[in-house]
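The values are calculated or read from the model by the stated rules, or taken from the named source; none is laboratory data. Predicted, not measured: the structure shown is a model, and the values here were computed from it. Ideal geometry is used to build each Cβ from the backbone, glycine not excepted, and the neighbour counts take in all protein chains shown. The area values use the complete protein model at the heavy-atom level, side chains included, leaving out ligands, DNA and RNA. Shrake-Rupley method; radii C 1.70, N 1.55, O 1.52, S 1.80 Å.
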Amino acid sequence: MNKYLVFSFSVLIIITIIFAIFFINNNNPPPNDSDRIKIITTIFPLYDFTKTIIGDKADVFMLLPPGIEPHSFEPKPSDIIRINQSDIFIYTGDLMEPWAKDILDGIDNENLQVINISDGLELMGANSVVVDIENYEHEYEHKHEHKGIDPHVWLDFSNCQIIINSIVNTLIKIDSANSIFYFSEAERLKNDLFMLDDSFKEGLSFCEIDTFIHGGHYAFGYLAERYGLNYLSAQGFMPNSEPTVKDLIILVEQLREKEIKYVFYEELLSPKIAETISNETGAELLLLNPASNLSKKDFKDNVSFISIMNKNLENLKLGMQCQ
Ligand SMILES: [Zn+2]
C-alpha cells in the first residue's frame, strides 16, 4: 500500500468517526441525568403548575403517591434522599406538611432552593375570618368550631397566581437560560387560572341556594370566601376527626331548613359522613374535589388541576341550583 492510499484511508476513517460522533450527538444526546434540574413538589396543584411551567426543560416529581390522603402522608427515607438530591423543593407550608421542617433542617444540600408557597399569602381561619398567623391562637381560639389556620390556600385561585410567581422566580434563578420559556408558560397558565376564576364568579353569582354542605373536611373555606358562599363541613381542617352527633344534627337541620337537595363528599376519603347525611335527608351525593392529590386513575389519565376545578364548578352549580 503506498503512502497516498494510507493517507486517504486514514482521512476517510477520521471523517467517518467525526460524522458518527456528530450523528450520535444529534440523534441521541447522551442522557446526562445530573445536568437536568430536579424539582420535588408535595401536593398535586404544585406538581401540576410546575409541570406546566417547565415543559421538558426539567424533571418534576410529586412526593405524594397518587391515591394517598395528603394530610396523613409521611415521607419515607427514600423521599428524604430524593429531596436532598433535588434542586428545588416546593411545599404548601408547615400546616399542610408538618414533617417538612425537620427534613429541611437536616438536609445537607446547600444549593437546594425551598419554596414554601404559603409565604406571602394571606392565610384564613374558618368561617371566612382572615387572620394573622402569629396572633391567631389567643385571638380566635374560642370563637370558632374549626380551630386553627386553613392550609388549603390553592382553592383561592388568586392565590394560585402568587404561587406561580414564586415558582417561576425560583426557576429563573437557577436556570436563567430558559427564563423566557418559563415566563411565557407561566403567563399562559396564569391566564387559564384567571379564566377559571371568572367562570366561578359568573357561574356562582345567581344561585337559588347560598350554602354548600360538605360531608368531608373543611377544605373549601378559601373558595367559599372568594365567591361569597356559605360553607359548612362535617370535619375540621384535618380529615382525621370524627364529627360529633351534634355537628351532624346541625348539618342535617341546615339541609332541611334551606331545602338543599345535594350533599358533597370527597374522593380520597370515605364518603361515610356524606352518606349518613344523605340517608337522613334524602339529599343526593355530589363530588367536590380539593385536588390536594389525585386518584391513581386520574393521575394515569393526566387530569389537570383546572379540569378538576371545572368539574367542581359544575357540581356546585347543580348543588346550589345556579343559573
Ligand atoms: Zn385537606
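General observations
- The range 154-245: radius of gyration over Cα atoms, expressed as a fraction of 2.2 N^0.38 Å: 1.44
- Coil-residue chymotrypsin sites (Phe, Trp or Tyr not before Pro) of the range 158-206, DSSP, other Cβ within 10 Å capped at 16: PHE206
- Positive minus negative residues near ILE163 (Lys, Arg vs Asp, Glu; Cβ under 12 Å): -2
- Within-12-Å neighbourhood charge of GLY93 [Cβ basis; K, R +1; D, E -1]: -3
- Residues LYS296, LYS311, LYS57, sorted by accessible area with the largest first, give LYS296, LYS311, LYS57 [1.4 Å probe; ligands and nucleic acids excluded].
- Protection proxy ranking, peptides 245-253, 74-82, 214-222, average beta carbon neighbours within 10 Å, highest first: 214-222, 245-253, 74-82
- Net charge of neighbours whose Cβ lies under 15 Å from the Cβ of GLY282, counting Lys and Arg as +1 and Asp and Glu as -1: -3
- Based on Cα contacts under 8 Å between residues 6+ apart, the range 62-121 shows a relative contact order of 37 percent.
- Backbone amide hydrogens, once placed in the peptide plane, bring LEU294 within less than 5 Å of GLY67, excluding anything fewer than 5 places away on its chain.
- Per-residue surface analysis assigns THR276 an accessible area of about 70 Å², computed on protein heavy atoms at 1.4 Å probe radius.
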